[in-house]
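Novice: Sharing a structure here in structure tokens format.
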Amino acid sequence: MVRTIPIIVLLLCAGPAAAHAEGAEPAPAPETAAAPSVPLTPKSVATDQNKDGKPDQWEHYENGVIARLETDTNYDGKVDEVAYFEEKRLVRGEKDIDHDGKMDQWFTY
Ligand SMILES: [Ca+2]
Ligand SMILES: [Ca+2]
């Protein structure tokens, strides 16, 4: 599942380049002065931090901005740390210290 993400990103990146490469005519000048450059940010990104083939960190984005970061700190497949962001700033967090699946520590920043 993790492995599909880089491929998707790759395809997204390859899109405009490929179109440009096969274009018979030069790229048309932008009709509107400044087309807004929309960052190609996925809704979520899973990362395998300990390289065991299973994701253990998940970044969740809203409107292209990080909103939540979930981490499986003991690599048992369950999220035991969640960090919440507002406008890219860490505002609060939760922690499952004894890894029983229930959060038992809460932080505000
Ligand atoms: Ca892992
Ligand atoms: Ca865990």
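Novice: Got at least one residue in the range 46-61 being among the hydrophobic types (A, V, I, L, M, F, W, C), farther than 25 Å from Asp104 by Cα and either loosely packed, with under 14 Cβ neighbours inside 10 Å or within 11 Å of ligand 1 (Cβ to nearest atom) (or both)?
Specialist: Checked the range 46-61: no residue is among the hydrophobic types (A, V, I, L, M, F, W, C), farther than 25 Å from Asp104 by Cα and either loosely packed, with under 14 Cβ neighbours inside 10 Å or within 11 Å of ligand 1 (Cβ to nearest atom) (or both).
Novice: Which members of the range 80-98 meet the condition of being surrounded by 18 or more Cβ atoms within 10 Å (Cβ to Cβ) and farther than 18 Å from Tyr109 by Cβ?
Specialist: Passing the criteria: Asp80, Asp96.
Novice: Checking Asp104 against (1) under 30 Å from Ser37 (Cβ atoms); (2) surrounded by 12 or more Cβ atoms within 10 Å (Cβ to Cβ); (3) free of Cβ contacts under 8 Å to residues at least 24 places away in the same chain; (4) not polar (S, T, N, Q), only one condition comes out false. Which one?
Specialist: (1)
Novice: Further, regarding this structure: Has the range 55-70 got any residue that is more than 16 Å from the chain's Cα centre (by Cα) and within 14 Å of ligand 2 (Cβ to nearest atom)?
Specialist: There is no residue in the range 55-70 that is more than 16 Å from the chain's Cα centre (by Cα) and within 14 Å of ligand 2 (Cβ to nearest atom).
Novice: Within the range 54-98, track down each residue that is under 13 Å from Lys43 (Cβ atoms) and outside any loop (DSSP other than H, G, I, E, B).
Specialist: Within the range 54-98, Trp58, Glu59, His60, Tyr61, Glu62, Val65, Ile66, Ala67, Arg68 qualify.
Yes/no per residue for (1) modelled with pLDDT under 95; (2) in contact with a Ser or Thr (Cβ under 6 Å, 6 or more places away or on another chain):
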residue	(1), (2)
Pro39	yes, no
Val45	no, no
Tyr61	no, yes
Ile66	no, no
Thr71	no, no
Ala83	no, no
Arg92	no, yes
Lys95	no, no
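Novice: Quick check, is Asp76 more than 10 Å from ligand 2 (Cβ to nearest atom), more than 18 Å from the chain's Cα centre (by Cα) and surrounded by fewer than 17 Cβ atoms within 10 Å (Cβ to Cβ)?
Specialist: no
The values are calculated or read from the model by the stated rules, or taken from the named source; none is laboratory data. As the structure is a prediction and not an experimental result, all values here were calculated from the model. Using ideal geometry, Cβ is built from the backbone for each residue, glycine included, and neighbour counts are taken over all protein chains shown.
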